[in-house]
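The values are calculated or read from the model by the stated rules, or taken from the named source; none is laboratory data. Because the structure is a prediction, the values reported are computed rather than measured. Cβ sites come from the backbone with ideal geometry, for glycine too, and all protein chains shown count toward neighbours. SASA here: full protein model, heavy atoms, side chains in, ligands and nucleic acids out. Shrake-Rupley method; radii C 1.70, N 1.55, O 1.52, S 1.80 Å.
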Amino acid sequence: MDSWLTQNLASVARHPALLAAMERIKHSPGPSEYRVETTKSGEKTLLVTSADGKTFTYHSRYDPVTEARRQVESSLENQTHVLMLGFGLGYASAEVLAKSAGATGERRIVIIEPDAKAFATALTSRDLRSILNDSRVQWCVGLTPDEVGDRWLSSLDWTALESLAIIEHPPSLSRNQSYFERIKEKIRYLCNRSKGNLVTLMHSGTDFHTNNFGNAAAIAEFPGVGRLFNRFNGVPAVIIAAGPSLEKNVRLLERVKGRFFIIATDTALRQLAARDIRPDVVCAADPCYENSLDFVGVEDEKDVVLAFEPMTHPDILKSFQGDKILMTFGGGLAQMFSKHREEIGNVVCWGSIATTAFDLARKCGCDPIIFIGLDLSFQDGKLYARGSYSDDIFYDAVHPYTSLEHETLDYIAAKGVFRFERPNGEILYTDYNMNMYRSWFEDQFRQTPGRSIINCTEGGVVSNHITCMPFEQAIDRFWDRGGPVKAILGEALCKPVRCEHAEIVSSMSDARRQLREMADEGREALSRLKKLLRRGEQILVKELSGDAKASFIDLLDLHDKLGANTLLMPWFSIHQTRFVTRHTMEINALKRNNSACLSEWAKELKAFFEAVIRFHDYQMPLLEEAIQDLQGKSGNGAGQKRASSTEELPPSHASDLVSKDCLTAGSRNKWP
């Protein structure tokens, strides 16, 4: 037994996360007992007795290998990925790897075992080196469901996930039922989320990318929300979404202005301004022109700070006259510029700008975080509170035989496919997107321990992992926690932005050079591919020889080289999302097909090189314009001036202030 443990541990050393799990159990005795017995076939089985005296037998007492083989044969066909829920002593995992040995392509296996002690017992009982040393296996041992989800999300290539087999170990599921239910819920949520992200990129990826370059000078010029992180520790935040119920509570915002950190979504700004209410910050990130209409009529709101993501439609930045602060979702040009400017500050976005407002409040240290207008449903025959740009769009459809209300109800009837019943018996409907936003919020609420998160919407469908109460009650309860919001914002905005403009321009110029080279290589590859096809389109690739084989390998190497360009290919993938998604699946299928002929490979290679040239033709003007804008802004790093404030900053907020003079001095930067 010690011999197996010693040999297995040598393989475990290849996996730092597994080593960490083994280290943790040394210091956590736990109530369960683990016993290994020999079966009639000579193999081992594991018996686990829980604290309540119930014993779980992990494998057959007769023949665990045959038992595992039958289970795998009934569950595994041609799936590209396998999710193993429970490891036991590893019999099913070994069968999956054995069955995958002769399969074309590379099948990825994720093994999830919640009980690190059960896994440690397996290490002492059997030779697991073949599983531990297999590069196709990803281990999730002793992790929480959220940690499993994070690892799944960060390591999985979604374009390669064609089909998924889930193989459950029944005794593990019976013993850890709630754990595995949460795992399944998390995986479903992440799959829907990734599907949503992919669909969004397919529809709006070009807008995201184009706007990034149109806002290049702004990325270099304005301070980042990172300056606000942890500056509002313990200060209440109010997140204002534009749901229909906003009208119930909007009047109460006047009471908390200046004491609670008020963050509004772009869709809510017009409704607030119409009632003479100014949030401290308004968040904007939508790349579409239609969403820029949210700022029509409120361009001169100079007492509101615009927190924008570089993908935001440039019209908003050009027209809005108030101070601006930059945030990033982690992609686009902000990633390149981060090497040459002060930290921007990463925030999360998942479909709705309200998710970004929540994450901003969370990273600013706000507590509690209070929501109003977060209906995420159709309430009282409305999509949003009256006054949003959606009203403008529906007004365009109104004619003498209809009305705004009629057009809105038609939309709700078509889109409101999810039905919810509130505790008071009220029936609400929501659409596919808002239902996914609800899932995201409730998942994130659960992952934000130690904070009070309160829904004062007084309506809607968000109720899990959050406290619901009237807004007036929340104000009274947390009034004493208010802080000097204006002073904190003013100090953050007045300091000059540290930015190396020359280095940014140099990086952009290098990208321009690489783009030209990529297009030249793509054109040359198309010429070589045309010559190669003259050798015979139906010849099998595996039968190529001599110069034809060498030419084919060169073309594949060039395909892989261009695809590995860490600077340009992320841009290419956004611009060509539909193509990249399909192309990746086709290439993987060709790699698994030993009978693929030259014409099949040539079709995909030709499509790739043509896409590279299209990308060049689209990208080059964007680069040229961005470089010109950056050169015109070079050296402009002055801070933005905020209105004079007499608020005193308490010591908890003043530890890293440069000078209180920042609140009354400086020069406003107007961009562009």
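Somewhere in segment 124-145, is a residue under 22 Å from the mean Cα position of the chain (by Cα), within 17 Å of residue 19 (Cβ to Cβ) and surrounded by fewer than 21 Cβ atoms within 10 Å (Cβ to Cβ)? Within segment 124-145 (the criterion being under 22 Å from the mean Cα position of the chain (by Cα), within 17 Å of residue 19 (Cβ to Cβ) and surrounded by fewer than 21 Cβ atoms within 10 Å (Cβ to Cβ)), the answer is yes, since at least one residue qualifies.
Do we find a residue being open to solvent by 20 Å² or more (accessible area, probe 1.4 Å), modelled with pLDDT under 90 and closer than 25 Å to residue 133 by Cβ anywhere in segment 57-67? Scanning segment 57-67 turns up no residue that is open to solvent by 20 Å² or more (accessible area, probe 1.4 Å), modelled with pLDDT under 90 and closer than 25 Å to residue 133 by Cβ.
In this structure, does residue 351 turn out to be at pLDDT 80 or above, of a type in the set (Gly, Ala, Ser), at positive phi and within 18 Å of the chain's Cα centre (by Cα)? When the stated conditions are applied, residue 351 does not pass them.
Contact annotation: no residue pair with Cβ atoms under 8 Å, 6 or more positions apart or on different chains, pairs a residue in segment 588-606 that is on the phi > 0 side of the Ramachandran plot and outside any helix (DSSP H, G or I) with a partner that is at pLDDT 90 or above and surrounded by 16 or more Cβ atoms within 10 Å (Cβ to Cβ). Summed over segment 240-291, the residues that are open to solvent by less than 10 Å² (accessible area, probe 1.4 Å) and on the phi > 0 side of the Ramachandran plot give a count of 0.
Which pairs do you get when a residue that is modelled with pLDDT of 85 or more, found in segment 569-586, comes within reach of a residue that is aromatic (Phe, Trp, Tyr) and part of a helix (DSSP H, G or I), reach meaning Cβ atoms under 8 angstrom, with the pair 6+ apart or on two chains? Close Cβ pairs satisfying both conditions: 571/615; 572/615; 580/572; 583/608. Out of all the residues in segment 552-570, which are more than 27 Å from residue 535 (Cβ to Cβ) and either out of contact with any Leu (no Cβ under 9 Å at 6 or more places or on another chain) or assigned to a loop (DSSP other than H, G, I, E, B) (or both)? Of everything in segment 552-570, those that are more than 27 Å from residue 535 (Cβ to Cβ) and either out of contact with any Leu (no Cβ under 9 Å at 6 or more places or on another chain) or assigned to a loop (DSSP other than H, G, I, E, B) (or both) turn out to be 564, 565, 566, 567, 570. Checking 551, 599 one by one, the residue that is open to solvent by less than 50 Å² (accessible area, probe 1.4 Å), in contact with a Lys or Arg (Cβ under 7 Å, 6 or more places away or on another chain) and at pLDDT 90 or above is 551 and no other.
Of the helices (runs of 4 or more DSSP H) entirely within segment 1-95, those holding at least 2 residues that are without any contact (Cβ under 8 Å) to a residue 60 or more places away in the chain and among the charged types (D, E, K, R) occupy 64-75.
Selection over segment 461-517 of residues that are open to solvent by less than 10 Å² (accessible area, probe 1.4 Å), part of a helix (DSSP H, G or I) and of a type in the set (Val, Ile, Thr) gives a count of 4. Would you say residue 74 is under 18 Å from residue 169 (Cα atoms), hydroxyl-bearing (Ser, Thr, Tyr) and at pLDDT below 90? Here the answer is yes, as residue 74 does meet what is asked. Could you tell me which residue of segment 45-56 is nearest to residue 99 (Cα to Cα), considering only residues that are of a type in the set (Ser, Thr, Tyr) and open to solvent by less than 50 Å² (accessible area, probe 1.4 Å)? Among those residues, the one meeting the criterion is 45. Here residue 282 meets the list (1) closer than 21 Å to residue 217 by Cα; (2) in contact with a Leu (Cβ under 6 Å, 6 or more places away or on another chain); (3) part of a loop (DSSP other than H, G, I, E, B) almost entirely, failing just condition (3). Kindly check whether there is at least one residue in segment 258-268 that is more than 30 Å from residue 571 (Cα to Cα), in a helix (DSSP H, G or I) and without any contact (Cβ under 8 Å) to a residue 24 or more places away in the chain. No, there is no match, as no residue in segment 258-268 is more than 30 Å from residue 571 (Cα to Cα), in a helix (DSSP H, G or I) and without any contact (Cβ under 8 Å) to a residue 24 or more places away in the chain.
Here residue 456 fits the description: of a type outside the set (Lys, Arg), within 20 Å of residue 242 (Cβ to Cβ), modelled with pLDDT of 65 or more and open to solvent by less than 20 Å² (accessible area, probe 1.4 Å). Only one of the numbered conditions (1) surrounded by fewer than 22 Cβ atoms within 10 Å (Cβ to Cβ); (2) at pLDDT 90 or above is not met by residue 91, and that is (1).
Among the residues of segment 156-178, is there at least one that is open to solvent by less than 60 Å² (accessible area, probe 1.4 Å), touching a strand residue (DSSP E or B) at 6+ places or on another chain (Cβ under 8 Å), in a strand (DSSP E or B) and not aliphatic (A, V, I, L, M)? No, segment 156-178 contains no residue that is open to solvent by less than 60 Å² (accessible area, probe 1.4 Å), touching a strand residue (DSSP E or B) at 6+ places or on another chain (Cβ under 8 Å), in a strand (DSSP E or B) and not aliphatic (A, V, I, L, M).
Answer yes or no as to whether residue 363 is modelled with pLDDT of 90 or more and open to solvent by 10 Å² or more (accessible area, probe 1.4 Å). Yes.
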